[in-house]
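Quick note: the coordinates plus some simple rules give every number you see, no bench work behind them. Every value quoted in this text rests on a predicted model; they were computed, and no experiment measured them. Counting neighbours? That spans all protein chains shown, and the Cβs are built from the backbone with ideal geometry, glycine included.
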Amino acid sequence: MGSTAGPRGRIHRLASGALALLAAASLVTACGSGDGGADGEGGGAADVRGADDGTTLTMWTRAATRPQSEALVKAYNASHKNKIELTVVPTDDYQAKVGAAAGSRDLPDLFASDVVFVPNYTTSRLFTDLTERIDALPYAEHLAQSHIKAGTHEGKKYVVPHTLDLSVLFYNKDLYREAKLDPDKPPATLAEWDRQARAVDALGAGVDGTFFGGNCGGCGVFTWWPSIWAAGEEVMNEEGTEAALASDTAKKVYETYRGWVDDEMVAPGARDETGTTWTGVFPKGKVGVMPMPSTTLGLMPKNLDLGVAPIPGPDGGRSTFVGGDAIGISATSKSADQAWNFLAWSLGDKAQVEVVAAHKDVVARTDLASNKYSKADPRLVTINELVADGRTPYALKFGQTFNDPNGPWLTLMRNAVFGDGASVDKDNEAVSASLSD
């Protein structure tokens, strides 16, 4: 997730190249006023399906989403006159590459982005306005609204969902049975999560109650924030310039995690875990319950009996961090109608079911949450349905604030969980200062 980068078995980094993006942003502000022309203004009169006339289109995506992107492009190329030439860029190089291409006005026709960075691109006018095209889709209201909102700037919509990665709870049903817990009743509150993790941890013999990435800012936003959202609270103001991470609810979340650390219920390595091996702990079968990226479900050992549940708040509720990538048409593309043909197709029933769902990925439409593939695995239905309850935070300074290993959010995380939590209010002020800097 959150991070949305890295192979599917690893947390997707949200912002290792944040500084490169900020530097590149100054190069691209003039890009939106040029060759977008009529194609760059939403294509009001264009067919909702776009044009399929044999045009060759260029498209960029991060290595993080390579499997999903390649599957969609392969299926599209096999069934359309248009052809897409896909370029997969190393995740850590992606933002700098987009910035450089924007500065030289050499962007591809289509390019995807980690959804938390989409606001940086929309405010720099790198995407074509797709408002009328999106609104004309018969299933527009069912698209993952967190991605749509992240790509909306000054009332105009610039992107659609491309890949989705959600934060959910994974729990080991075999360990639950050993601990005399009901394997069909995952935690519905943070207190129940705490109780169940403690019951599993009491088994001993190398079994631990839970695990988390304690030195990974992206892991924290991806898995901690849903517990705050589930309580009906926000983590930032609407503009993404002021933090609300010192609320009573937020402190309750930190206190719970700190209790796990103090009572040595967390699997070894949490304090130093930077996210690179975070998702490799649960598959070993020795952890009771922990938050994980939904995309790792298909990578779990076949003999591991695991359940999936929403991340709860202190007193109930449910939420998820809707990560992944959004995709749009570049403002400099000369083939917006043809590029839209791919985007509209990628969101249609056939692509979402026969390509996305068939690969056990999260569908981009809530009306397709239950489909012939997900019905075969109720856990997939649970994940798909969570899209409607999820959030994608908005902040132009997201990377430097929440993902930079020297950023203020990681300081807050570590002080709150590995320290005594006394500096949360002060640390929250530092987060706000970074957001508004």
(request) Under a cut-off of 23 Å between alpha-carbon atoms, report the lysines in cross-link reach of Lys185, not counting same-chain residues fewer than 8 places apart. (result) Lys173, Lys252, Lys284, Lys286, Lys302, Lys375
(request) Just the number, please: Stokes-Einstein D of the range 285-437 in µm²/s, Kirkwood Rh from C-alpha pairs, 25 °C, 0.890 mPa s. (result) 131 µm²/s
(message) Let's test this: bin the Cα-Cα distances of the range 259-349 at 5 Å from zero up to the farthest pair and state each bin's percent.
(response) 2, 9, 14, 15, 15, 12, 8, 8, 8, 5, 2, 1, 0
(request) Under a cut-off of 18 Å between alpha-carbon atoms, report the aspartates and glutamates in cross-link reach of Lys97, not counting same-chain residues fewer than 8 places apart. (result) Glu85, Asp106, Asp109, Asp114, Asp325
(message) Output needed for the range 123-202: three equivalent-ellipsoid semi-axes, defined as square roots of 5 times the C-alpha gyration tensor eigenvalues, in descending order, whole Å.
(response) 44, 13, 10
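For the chain, what does -39500 (n - 2.57) per DSSP helix run (n ≥ 4), summed and divided by total residues, give at 222 nm, in deg cm²/dmol to the nearest 500? Write down the numbers at each step before the final one.
Values: 15 runs with 142 residues, N = 437.
Theoretical 222 nm ellipticity from helices: -9500 deg cm²/dmol.
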(request) Name the shape class, rounded, prolate or oblate, that the alpha-carbon gyration tensor gives for the range 362-421, where a ≥ b ≥ c are the square roots of its eigenvalues, rounded holds for a/c under 1.5, and otherwise prolate holds if a/b is larger than b/c and oblate otherwise. (result) prolate
(message) Can you give me the angle between helix 408-417 and the longest principal axis of the chain, using Cα atoms only, in degrees from 0 to 90, rounded to the nearest 10?
(response) 20 degrees
(request) Please express the Cα-Cα pair-distance distribution P(r) of the range 42-161 as a list of whole percents, one per 10 Å bin, running from 0 to the bin with the greatest distance. (result) 12, 40, 42, 6
(request) Give the Rg (one decimal place) followed by the Dmax (whole number) of the chain, computed from C-alpha coordinates and expressed in Å. (result) 21.3, 67
(request) Could you state the angle between the C-alpha long axis of helix 94-103 and the longest principal axis of the C-alpha atoms of the chain, as a value from 0 to 90 degrees rounded to the nearest 10? (result) 30 degrees
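Which order do peptides 357-370, 230-243 fall in by mean Cβ count within 10 Å, highest first?
Numbers: 357-370: 20.6, 230-243: 17.6.
Put in order of decreasing packing, that is 357-370, 230-243.
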(request) Evaluate the Kirkwood expression for the hydrodynamic radius of the range 154-285, namely the inverse of the mean inverse distance over all pairs of different C-alpha atoms, and round to one decimal in Å. (result) 16.5 Å
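Counting only DSSP beta bridges with both residues in the chain, tell me the antiparallel percent, nearest 5. Please list the in-between numbers first.
Details: 27 of 41 bridges.
Counting DSSP beta bridges with both partners in the chain, the antiparallel share is about 65 percent.
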(request) Could you tell me how many degrees, from 0 to 90 and to the nearest 10, lie between the Cα long axis of helix 18-28 and the main elongation axis, the longest principal axis, of the Cα atoms of the chain? (result) 20 degrees
(message) Could you tell me the extents of the range 389-437's C-alpha atoms along the three principal axes, largest first, rounded to whole Å?
(response) 30, 29, 19
